[in-house]
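This report refers to the structure that appears directly beneath it.
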Amino acid sequence: PTIALRADMDALPVEEKTGLSYASKARTNYLGNDVGVMHASGHDAHVAVLMGVAEFLAKNRRFLKGNVLLIFQPAEEGGGGGRVMVEEGIFDKFPCQAVYGMHNFPGIAEGQFAVHDTAVMAANETLKINIKGKGGHAAMPDQCIDPVVVGAQIISALQSVVARNVAPLNSAVVSITMVNAGTVSNVVPDDMQLTGSLRYFSKEVGDKVKEKIKN
């Protein structure tokens, strides 16, 4: 029998300012941009854990009743990750009966594990909304189509998508996390961009929420 143990890794465009001895010193991301890069969101811990498992298994082969594959999955944060590895044929080359993964969770006490019999980590999609208005001078708003006012209404309206369309025993999250508009204080901008995160466990719930967002 063969099982696989999977850990995700991803260098995110986040500058590590902890001051710790092991803080990332990398400055350039994969696009060549000069930004801080670190294995945030637990990726450094996940890789370290799987490396520790590899060392333990190599030194204690007597515990093995079959084969153990160690999968270091790149691009966990929106880059395709596991899906791309499957499409590239990882399990055609290394077939196995089951894959086990874990994710750190700061709220759990050291030395404890939480195991679930249902979905735990939600699907995540990026939500982008572009609002095209008509800019002009802030002193003459009647001659403009203000995308900021429209955007504010959309942000408020989005809060009812989950509250009034997803059954209480199901779950979904719609969060607007980035708002971009304007360059100076006395000019109404031509457009506005809203960016956020949509999360859900069930494809049916996700499809319904996306439909309501578009509506």
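The values are calculated or read from the model by the stated rules, or taken from the named source; none is laboratory data. Small disclaimer: the values here were computed from a predicted structure and weren't measured. We place every Cβ from the backbone using ideal geometry, glycine too, and count neighbours over all the protein chains shown. Side chains included, ligands, DNA and RNA excluded: accessible areas come from the protein's heavy atoms. Shrake-Rupley method; radii C 1.70, N 1.55, O 1.52, S 1.80 Å.
Observations on the model:
- Taking each residue of region 58-85 that is over 17 Å from His43 (Cβ atoms) and looking for partners that are assigned to a helix (DSSP H, G or I) with beta-carbon atoms closer than 7 Å, six or more apart or interchain, yields Leu64/Leu57; Val68/Leu57.
- Selected residue (criterion: nearest to Glu125 (Cα to Cα)) from residues of region 168-182 that are modelled with pLDDT of 95 or more and more than 21 Å from the chain's Cα centre (by Cα): Ala181
- When the criteria are applied in full, Ser24 fails the requirement of being at pLDDT below 85 and hydroxyl-bearing (Ser, Thr, Tyr).
- Qualifying residues in region 176-209 (those that are without any contact (Cβ under 8 Å) to a residue 24 or more places away in the chain and in contact with a Ser or Thr (Cβ under 9 Å, 6 or more places away or on another chain)) - the one farthest from Gln159 (Cα to Cα): Asn180
- Scanning region 26-84 for residues that are in a loop (DSSP other than H, G, I, E, B), among the polar types (S, T, N, Q) and surrounded by 11 or more Cβ atoms within 10 Å (Cβ to Cβ) gives Asn29, Ser41.
- The residue that is surrounded by the fewest Cβ atoms within 10 Å (Cβ to Cβ), among those in region 161-202 that are in contact with a helix residue (DSSP H, G or I) (Cβ under 9 Å, 6 or more places away or on another chain) and assigned to a helix (DSSP H, G or I), is Arg164.
- Flag not set for Pro106, criterion: more than 16 Å from Leu12 (Cβ to Cβ), part of a loop (DSSP other than H, G, I, E, B), at pLDDT 95 or above and open to solvent by 60 Å² or more (accessible area, probe 1.4 Å).
- Only one of the numbered conditions (1) assigned to a helix (DSSP H, G or I); (2) free of Cβ contacts under 8 Å to residues at least 12 places away in the same chain is not met by Lys212, and that is (2).
- When residues of region 85-103 are limited to those that are in contact with a Leu (Cβ under 9 Å, 6 or more places away or on another chain) and aromatic (Phe, Trp, Tyr), the one least open to solvent (accessible area, probe 1.4 Å): Phe94
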